[in-house]
Amino acid sequence: MSMEAAPGRLPSKPSIWNCNQKKKKMPLHDRLLLNPFEKYRKYGRFPWKFLFHVFLLAAVTAQTVLITNQNTPYSRAAVRTLYTFFMSSQDDYSGKDYDRTVNLYSIQDFVDSINSTVWNYYHINDLSVQKFQYYYQDSGVVKPITLRVTKFVVDGGGKMVEQVESYELESDDDLKPLDGDVKAFIQNMKSCTLSLSLKDWIQTPALTACYQWEITPTYDFSHGGHVSLTLGTQRYRCDESDAIVFGNLFWLHLLVLCLAIISQLLSWRAIFQSAIIYRHVKKKHGARNSKSRRDTTAYQPPDLSSGRQSPMLGAQASRFSTGVNGQGTTSPASPPNESNVSRGLSTVSFRGMTQDTVVPWDKLSWRDKIQFFNLWFIITIIGNVCQFSGSILCMAPSISPSLREVLVGIGCMMAWLNMIRYLEYFEQYYILILTIRNGFPTVLRFMVGVIPLFLGYTFLGLAIFWESYRFSDTSQAMISLFSVLNGDMIHDTFEDLGFIRAIWAQLYVYSFICIFIYVVLNIFISIIQDSFFTTKEAKKKMVAMHNAQADTQHVLS
């Protein structure tokens, strides 16, 4: 009994493990079009690159989770401790959210804040449950606090200029610049910053390290009205911990480093091979077009991104087997399986063709020519660079642990994004990317028309509701409006703005809600929804085209 599928139906997909283990020479046509699992079924080439990326993904994810679990609890607790003793001991910094700015309105509050910071620095180990260590000068004295004052002075030409002065506060009661007229000091001050350094050793079963904390309370009077106090904290690795690495995680960092290097080499090797194929096909196709040009009908898969048919890179690729692979015969049409259909939706389909239209190479668009190269390698290369750099910083002393954490995080994210490319061959799992790809041009054009309206509301809010912290600056105003657009804090915004200008607040908020929530947001949703259904409809049409071709070939045979 024949096991061939009936014309017009998709054949059942065999298991990827049922393959011919004897390797055969792979023509260029299949090298470009088959996914790793199809290559394994047809040519016995095991998808070891896929398994390699899975292994790299697992290693990078483990590295990210272990690093964050080790450092995040300590770093968060240390920052809260520093806020408590060098920001304002009257506030509670134990909650999830806390204010990172303290406004000082009186002279006494200003003096008390600086005096408290100096006192707490020299007595930190008498106050804190965490034991910190000081940095010492060559004479054995504790490194003093440095006070840098930026103030306005009048030069010889009568112009107002900035002048920076530095003081060293060598004891817990040393307030050199504040011994005189404090009010005059504040009036002439643009800002002043205290700089102090502490170090802290932490020891856990998996981590032994010393962190240096650079603490910079800054008092800003540049806008007048009140003094704004903010606290800057920066972590560094101590010089004493130069020879210390992350204990049990050293081998994990080394593993990620080696895997990232291998992945980088494989990516550049694949890009180099694609470039060779590109030049080879261009040369062969140009030579063939110079000999003869035939006008025959060809199957053209729909180009969903532009709403028209493709300029027939597919027709070009269908000739690879006759003009490039050296076999001199036309490859039979591939069965219309789901992999072909999905690939036809996301890229120009090369498969399922026995007739073709010869298109001059210079007439092909850049969209067609770029499909010789896998653009997912861009994400792979960026991820490998971050994984390599992050692992190096984890094993060796780093200038800033924050940089190490950023690189490790980006590398982990890119590793996960890189796995999406393997879903490209299975449409039911790749529908999100297809929808975004097809809808993004329309969304981008619509955003160009919406941005001027959004910016208009932003600057109108800045001009009218400047008294509200929601419109304190351009960035804060845009964040507030974006929150309202998504239905967040609408009532709170009404109340806040209503106390400033009641009538203007109602006109402003009501019109913004009507335009952006009822119109703009729903149009965005409609665009994405239309792209989703267009993608699904295109798949059905492509299946029908493949089935029609299969019927034709069945009748002719």
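The values are calculated or read from the model by the stated rules, or taken from the named source; none is laboratory data. Computed from a predicted model, the values in this text were never measured in an experiment. Positions of Cβ are generated from backbone atoms using ideal geometry, with glycine treated the same way; all protein chains shown enter the neighbour counts. All accessible areas refer to the heavy atoms of the entire protein, side chains included, with ligands and DNA or RNA removed. Shrake-Rupley method; radii C 1.70, N 1.55, O 1.52, S 1.80 Å.
Give the number of residues within the range 59-76 that are modelled with pLDDT of 85 or more and open to solvent by less than 60 Å² (accessible area, probe 1.4 Å). The qualifying residues number 6.
Any residue that is of a type in the set (Ser, Thr, Tyr), open to solvent by 40 Å² or more (accessible area, probe 1.4 Å) and in a loop (DSSP other than H, G, I, E, B) - is there at least one of those in the range 135-142? There is at least one residue in the range 135-142 that is of a type in the set (Ser, Thr, Tyr), open to solvent by 40 Å² or more (accessible area, probe 1.4 Å) and in a loop (DSSP other than H, G, I, E, B).
Filtering the range 151-195 to residues that are farther than 24 Å from LEU82 by Cα and assigned to a strand (DSSP E or B) leaves LYS151, PHE152, VAL153, VAL154, MET160, VAL161, GLU162, GLN163, VAL164, GLU165, MET189, LYS190. Consider only pairs whose beta carbons are under 6 Å apart and that are at least six residues apart or on different chains; among these, list those whose first residue lies in the range 442-454 and is under 18 Å from THR534 (Cα atoms) and whose second residue is in a helix (DSSP H, G or I). Final answer for the pair search is THR442/ILE527; VAL443/ILE527.
Taken over the range 373-419, the residue count meeting the criterion of being open to solvent by 30 Å² or more (accessible area, probe 1.4 Å), polar (S, T, N, Q) and part of a helix (DSSP H, G or I) is 2.
Here's the yes/no breakdown for (1) outside any helix (DSSP H, G or I); (2) at pLDDT 70 or above; (3) open to solvent by less than 60 Å² (accessible area, probe 1.4 Å):
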position	(1), (2), (3)
PHE516	no, yes, yes
LEU521	no, yes, yes
ILE525	no, yes, no
ASP530	no, yes, no
LYS536	no, yes, no
THR552	no, no, no
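Summed over the range 154-200, residues that are among the polar types (S, T, N, Q), under 18 Å from ASP220 (Cα atoms) and in contact with an Asp or Glu (Cβ under 8 Å, 6 or more places away or on another chain) total 2.
Among the residues of the range 420-428, is there at least one that is of a type in the set (Lys, Arg) and without any contact (Cβ under 8 Å) to a residue 60 or more places away in the chain? For the range 420-428, residues of a type in the set (Lys, Arg) and without any contact (Cβ under 8 Å) to a residue 60 or more places away in the chain: present.
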